[in-house]
Amino acid sequence: AIEPVLGAVRPLGRTRLCPADAKMGWVAVCALREVGREPVRHSLPDGTDIVLIRHGGRLLAMSNSCPHKKASLHRSGDIEDLGGDLGLCLRCPKHKSKFGGGLFVSFATGKCTTRRQCSRSDGVAAWAVPTYQTKEDDGVIFVRRLPGHAAPEPA
């Protein structure tokens with residue numbers, strides 16, 4: 001079970017968000033066991049939806065909202081490593097066949113891209129979603145938004 005504690009969320013039990021972590025923007029999200037190799041959605045105390053996944057022993061998190069039409073990214077089962085700076089990406093479930101083979105969002109950078117070059121590729125490359133640093137402590141996943149990962153909206 002999860003209960004709110006001073007603007008953070010913590011599982012019932014002994015794990016608490018220490019004041020130093022709270023000042024640094026860390027928020028408890030869920031139990032470690034809740035996140036696996038498939039994307040899962042969780043809400044932060046401020047109402048922000050994020051998507052989390054475990055890949056290669058790492059926990060990854062980003063906004064759960066496609067910047068184009070606000071589709072929930074966690075509903076996509078399409079996870080691909082596009083390499084380079086983008087790394088592991090989720091394909092938007094609403095845009096699987098649009099934008100040159102789909103609109104992909106990077107867990108590493110929050111940037112969007114298309115699989116193949118198309119007439120909208122340059123515009124898509126300007127879009128981004130917020131990404132989150134993750135850490136695990138005593139079976140609880142904590143996240144904090146990475147600075148500088150703003151979310152430009154489509155024009």
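The values are calculated or read from the model by the stated rules, or taken from the named source; none is laboratory data. Just so we're clear, the structure is a prediction, and the values are computed from it rather than from any experiment. Backbone-built Cβ (ideal geometry, glycine too); neighbour counts: all protein chains shown. When the accessible area is computed, the model is the full protein with side chains, heavy atoms only, and any ligands, DNA or RNA have been set aside. Shrake-Rupley method; radii C 1.70, N 1.55, O 1.52, S 1.80 Å.
What to note about this one:
- Conditions (1) modelled with pLDDT under 70; (2) in a loop (DSSP other than H, G, I, E, B); (3) closer than 18 Å to Lys135 by Cα; number of the one not met by Gly13: (3)
- Considering region 55-78, the residues that are open to solvent by 70 Å² or more (accessible area, probe 1.4 Å) and out of contact with any Lys or Arg (no Cβ under 6 Å at 6 or more places or on another chain) include one that is nearest to Arg144 (Cα to Cα), namely Arg58.
- Screening region 42-94 for strands (runs of 3 or more DSSP E) wholly inside it with 3 or more residues that are out of contact with any Leu (no Cβ under 6 Å at 6 or more places or on another chain) and among the hydrophobic types (A, V, I, L, M, F, W, C) returns the ranges 58-63.
- Residues of region 19-38 satisfying the condition of being at pLDDT 90 or above and either in a strand (DSSP E or B) or open to solvent by 30 Å² or more (accessible area, probe 1.4 Å) (or both): Val27, Ala28, Val29, Cys30, Ala31, Leu32, Arg33, Glu34, Arg37, Glu38
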